[in-house]
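Structure first, commentary second.
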Amino acid sequence: MQAKEYIKKMTAEEARQVKQRPIGKKHFVRVAIEQLEVGEALQISREAFTWKKHTPKLFSNAISKKTKKRFEVSNLADKSGWMVIREE
């Protein structure tokens, strides 16, 4: 396999015509958790996550470390998803 198969050199005009999106776009569940007000809750379906072993708890912990927001995350009884409640 040669590198030429994976790399394509383009002109500036060609590059503008290719659809692009910014790197680092936040996951929609993380955005929803960040926007919660105190006392509000989110019910999140398992279908929202395509990664194995990644849950809203990871997002909640990361947000809590960077802000003063605190969350309670729990599994739904039927294991169909999670409940995230903003505590403070």
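The values are calculated or read from the model by the stated rules, or taken from the named source; none is laboratory data. Quick caveat: nothing in here was measured; it's all calculated off a predicted structure. Please note: Cβ atoms are built from the backbone with ideal geometry, for glycine as well, and neighbour counts cover all protein chains shown.
Could you run through the range 6-46 and say how many residues are within 30 Å of L76 (Cα to Cα) and without any contact (Cβ under 8 Å) to a residue 24 or more places away in the chain? Give the steps one after another, and end with the answer.
Looking only at the range 6-46, we keep the residues that are within 30 Å of L76 (Cα to Cα), and these are 24-46.
Of the ones still in play, those that are also without any contact (Cβ under 8 Å) to a residue 24 or more places away in the chain are 24-26, 28, 31-32, 35.
The number of residues fulfilling the criteria is 7.
Can you name every residue in the range 31-88 that is among the acidic types (D, E) and surrounded by fewer than 13 Cβ atoms within 10 Å (Cβ to Cβ)?
Keep residues of the range 31-88 that are among the acidic types (D, E), which gives 34, 37, 40, 47, 72, 78, 87-88.
Listed by number, the residues that qualify are E37, E40, E47, E72, D78, E87, E88.
On the basis of being surrounded by 14 or more Cβ atoms within 10 Å (Cβ to Cβ), within 14 Å of the chain's Cα centre (by Cα) and not charged (D, E, K, R), does I23 make the cut? Spell out the reasoning first.
Numbers: surrounded by 14 or more Cβ atoms within 10 Å (Cβ to Cβ): no; within 14 Å of the chain's Cα centre (by Cα): yes; not charged (D, E, K, R): yes.
Judged against the criteria, I23 is not a match.
Taking the range 40-79 as the region of interest, how many residues are at pLDDT below 85 and among the hydroxyl-bearing types (S, T, Y)?
Count: 2.
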